[in-house]
Amino acid sequence: MALTTNTLAQTGGVANHATGYVVTDSGTAAATTFNVGFKPRMVRFHNLTDRISDEWYEGMAAASSLHTVAAGTRTLETTNGITVNDDGTFTVTAVTMVASKSFAWEAVG
């Protein structure tokens with residue numbers, strides 16, 4: 001899978017806050033790593049196409065998230081969530097980063 005659009009912006013005057021918009025092509029889903037330049041304490045990742053959201057907060061295990069589907073059901077994801085890395089990146093699994101979708105994300109340090 002290739003990203004057809006990937007934008008990154010850091011909010012003016014606010015340190016350690018980044019947002020992005022991603023559109024994936026129709027290729028095979030793949031885990032994707034985003035470099036925000038700081039270690040996030042919170043990451044929100046939204047599948048805009050299907051109205052599904054994943055939220056990771058400092059202290060949560062790797063590959064976990066609070067998973068919310070369009071109907072409003074919320075569950076604790078323990079294997080296909082978000083992993084925050086010490087090098088200023090976060091990774092979203094292939095199950096979350098599906099093909100032919102639009103995504104928006106926010107990371108706060």
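The numbers here are math on the coordinates, done by the rules we state, and not lab data. Owing to the predicted nature of the structure, the values given are computational and were not obtained by experimental measurement. As a convention, Cβ positions derive from the backbone with ideal geometry for all residues, glycine included, and neighbour counts pool all protein chains shown.
Miscellaneous remarks
- For residue 31, the residues whose modelled amide H falls within less than 5 Å of its own, excluding neighbours fewer than 5 places apart on the same chain, are 94.
- Residue exposure sequence - 48, 76, 66 - by fewest surrounding Cβ within 10 Å: 76, 48, 66
- Residue 104 versus residue 25: modelled label distance in nm, points set 7 Å from Cα along the beta carbon direction: 2.6
- Under a Gaussian network description of the chain, with springs only between Cα atoms under 10 Å, the residue in 54, 86, 25 that fluctuates furthest is 86.
- Residues 26, 65, 102 arranged by fewest to most Cβ contacts within 10 Å: 26, 102, 65
- Extending 7 Å from the Cα toward the beta-carbon at both residue 50 and residue 73 defines two label points whose distance is 1.3 nm.
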